[in-house]
Structure formats: C-alpha cells, structure tokens
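What follows is one structure encoded as structure tokens, with my remarks underneath.
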Amino acid sequence: FDGMIEDLEAEGFNVIYADAGGDQLLQVNQLENFIEMEPSLIACFLSDVDTYSSPCEKAKEAGIFFYLQGSWADYEPSGQEYLDQGLYGEILGNASIAWLDHRYPDADPGSIHTAFLCTTFTIDNVNCIDAIERVWEADPRINVVYKNENVMQLDEGFSAAEGAFTMDTQIKLVQTITPNAAIGANNYIISNPNLVLNEIGICMRGDNEQT
C-alpha cells in the first residue's frame, strides 16, 4: 500500500492508514470508524471479501467511494481491482518448475527439497498457495520438506529460511508469496557460508522494486 499512499498524497489527499493484521472483526470495526469520519474515499485490501458487504453498503449510502483490492466481490463496491489468484499461483508454480528444468533437469523424484515460505493472511493468498501446490503435485522432483504459513515481512523471511535450512541443509528451492519474504530468505542464504549459492533458487512474486 505504500505506493498507493504516496500517489494519493501527491494528489493532495490526506491519507489515514490502518492495519488489521488479518483480524476480520477488527477490520470491520476500522471500516465502520472510517465511515463515521465521512472521508471521500475508503480503499481496502480485505482478508475475506465476503465478510464486508455491510460496510460497503454503509459507505455507499453515506456517499463515500468504497474501493476494494483483492478477490472479486459479488456485491457492488464503488470500484475494485481483481487478480485471478488461481491463475497467478499456476504461473508462479510453473516459474519454479522452469527454474528446476534449467538447473536440475535430471533430478530424481523427491530429490528437490523445497521450503515454502508463505502467508495465509488473506483468502487471495490461500488461493494462490493452493494453485502453486497443485502445479507442484504434477512434478515428482519437488519434495516440500518445510512449510511456514506466517511469512510476509523481510525479518520473517530471514527467520523462516534460517529455520528451514537448520532443519534441512539440502533444500534447493525456496518459494515465497511476498517479495519481502524472498529478500529476507535471500539475506539468510547469502549470510550462511555453509550453503552453496548457485545450488539454491528463490521463486517469488516480483512486485517489489528491491527484488
């Protein structure tokens, strides 16, 4: 959301930001508080889009532009941005397999030990994860030996990678959902002198300028 906030502020908007941390009840309360403040616009990334039709209707009745980002809403917000997470997950899963085909084309079944550093923060994330895993199931080389579903930020990526490689030094593939998690995992990998860097691949969403 940093880029959205910067763009809005550059256009002269006064932006108030709130993070519910995936807590649906808290997010509903935050939305209702914002509605009481009568802003021109409420923009939100929802953890589960179906839960929020009531705040959407209240905002529209109050004349507030209600904008959603994430899963497609069956109700009618003022505007929404949607990405097919199932298709996106397939793309990410196939990207990791493309790297395997390049780096380990003749790997034996089960020999590509894999760490999945993901987040179930939103239903979109869950749909993306499910799609990645469906793609992987068709490739016998991939063996997921470590999975952490609470990895979003850079420090979480570092810690999760440390846990993964402490458990299994033979991990060859690291998959993340967020770019910051990938950066954190990369920072751990390059800091560990016992790991061979050109044997390990990190696959991620590439929507961060640092990645």
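The values are calculated or read from the model by the stated rules, or taken from the named source; none is laboratory data. Every value quoted in this text rests on a predicted model; they were computed, and no experiment measured them. Neighbour counts are summed over all protein chains in view; Cβ atoms, including those assigned to glycine, are modelled from backbone coordinates with ideal geometry. To get the accessible areas, we keep the full protein, side chains included, count just its heavy atoms, and leave off ligands, DNA and RNA. Shrake-Rupley method; radii C 1.70, N 1.55, O 1.52, S 1.80 Å.
Considering the conditions (1) in contact (Cβ under 8 Å) with a residue 24 or more places away in the chain; (2) part of a helix (DSSP H, G or I); (3) over 23 Å from His102 (Cβ atoms); (4) open to solvent by 30 Å² or more (accessible area, probe 1.4 Å), Thr166 is excluded by exactly one of them, (1). Of all residues in segment 112-128, those that are touching a residue at least 24 places away in the same chain (Cβ under 8 Å) and buried (at least 21 other Cβ atoms within 10 Å of the Cβ) have Cβ atoms under 9 Å from Cβ atoms of residues that are of a type in the set (Lys, Arg) and assigned to a loop (DSSP other than H, G, I, E, B), 6 or more apart or on another chain, in Ile112/Arg141; Cys128/Arg205.
Scanning segment 197-206 for residues that are in contact with a Ser or Thr (Cβ under 9 Å, 6 or more places away or on another chain) and open to solvent by 40 Å² or more (accessible area, probe 1.4 Å), we see that the one that is modelled with the lowest pLDDT is Met204. Is it true that Gln24 is modelled with pLDDT under 90, within 24 Å of Ile177 (Cα to Cα), surrounded by 14 or more Cβ atoms within 10 Å (Cβ to Cβ) and not aromatic (Phe, Trp, Tyr)? So Gln24 fails the test. Count of segment 49-68 residues, restricted to those that are open to solvent by 50 Å² or more (accessible area, probe 1.4 Å) and either modelled with pLDDT under 80 or touching a Cys at 6+ places or on another chain (Cβ under 7 Å) (or both), is 2. In segment 130-147, the residue that is nearest to the chain's Cα centre (by Cα) out of those that are among the hydrophobic types (A, V, I, L, M, F, W, C) and either open to solvent by 50 Å² or more (accessible area, probe 1.4 Å) or more than 24 Å from Glu199 (Cα to Cα) (or both) is Ala131. Summed over segment 24-33, the residues that are hydrophobic (A, V, I, L, M, F, W, C) and touching a residue at least 24 places away in the same chain (Cβ under 8 Å) give a count of 2. Of the residues making up segment 84-109, just one is acidic (Asp, Glu) and within 13 Å of Trp136 (Cβ to Cβ), namely Glu90. Of the residues making up segment 27-40, not one is in contact with a Leu (Cβ under 8 Å, 6 or more places away or on another chain) and either farther than 19 Å from Thr120 by Cα or open to solvent by 100 Å² or more (accessible area, probe 1.4 Å) (or both).
All of Leu46, Leu100, Leu87 fail the test of being modelled with pLDDT of 85 or more and surrounded by 15 or more Cβ atoms within 10 Å (Cβ to Cβ), apart from Leu100.
Having 2 or more residues that are among the aromatic types (Phe, Trp, Tyr) is the bar; report the helices (runs of 4 or more DSSP H) wholly within segment 52-151 that clear it. The qualifying helices (runs of 4 or more DSSP H) are 85-103. Every test in (1) crowded, with 19+ Cβ neighbours inside 10 Å; (2) part of a loop (DSSP other than H, G, I, E, B) is passed by Leu173 save one, and that test is (2). Cβ-Cβ distances below 8 Å connect the following pairs, each with a first residue in segment 3-14 that is of a type in the set (A, V, I, L, M), a second residue that is open to solvent by 80 Å² or more (accessible area, probe 1.4 Å), and a separation of six or more residues or different chains: Ile5/Tyr17.
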